[in-house]
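Right, one structure below, let's go through it.
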Amino acid sequence: MNEDLKWYAVYTRPRWEKKVAYVLEKKGIEQYCPLNKIYRQWSDRRKLILEPLFTSYVFVRTTEKMHSEIKSLNGIINFVYGLSKPAIIRDEEINCIKEFLNNHNNVQLQKTPVDVNDTVRITSGALTEYEGNVVAVKSKTVKIILPSLGYRMIAEVEKINVEVISSTTRVSHKYQTHS
């Protein structure tokens, strides 16, 4: 495995995510366009469709040397920047997105600033052993933050399947519920 290869997010023209992923694939560039499985209801039928999870984002695994070539491809506007340089997306976050989408339909995204909160590990269920920062726990809903992009993915996870690793609060309860 080439250690210079890193995941980056590219910003695409509106509604060009799948086209950009296809172009990158044809060029032999590793890409990932997360597709959300959503059921749409029409008056006469219900259909499962695949639509991009992140509007105008496609992930590419590449080296810095390839950035100018990638930016020149049709449909790509630019790399997503953080701290004045292309933001590197951790492998763990890409894997978490893949796992999340494999196990859940109709995933929702919420744009969020990255906050410092309790760190938790999921102990059983679809996302076993994933760690993350808790933003809120309400009934059975756990929100997981993807810090590099500033998004939360939301899915139903039983509270019993989450253990607190470290807490930023002085509450000694095993679980803390935020409204």
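The values are calculated or read from the model by the stated rules, or taken from the named source; none is laboratory data. Note that this is a predicted model, so its numbers are computed, not measured. Using ideal geometry, Cβ is built from the backbone for each residue, glycine included, and neighbour counts are taken over all protein chains shown.
Worth pointing out:
- Going through (1) free of Cβ contacts under 8 Å to residues at least 40 places away in the same chain; (2) buried (at least 16 other Cβ atoms within 10 Å of the Cβ) one by one, residue 8 falls short only on (1).
- For the range 57-73, filtered to residues that are out of contact with any strand residue (DSSP E or B) (no Cβ under 7 Å at 6 or more places or on another chain) and among the hydrophobic types (A, V, I, L, M, F, W, C), the residue that is nearest to residue 90 (Cα to Cα) is 66.
- Single unsatisfied condition, residue 27 versus (1) within 16 Å of residue 7 (Cα to Cα); (2) touching a residue at least 12 places away in the same chain (Cβ under 8 Å): (1)
- Residue in the range 65-77 that is in a strand (DSSP E or B) and outside the structural domain of residue 106 (by TED's automatic domain parsing) present: yes
- Restricting the range 1-56 to residues that are of a type in the set (A, V, I, L, M) and part of a strand (DSSP E or B), the residue that is farthest from residue 90 (Cα to Cα): 48
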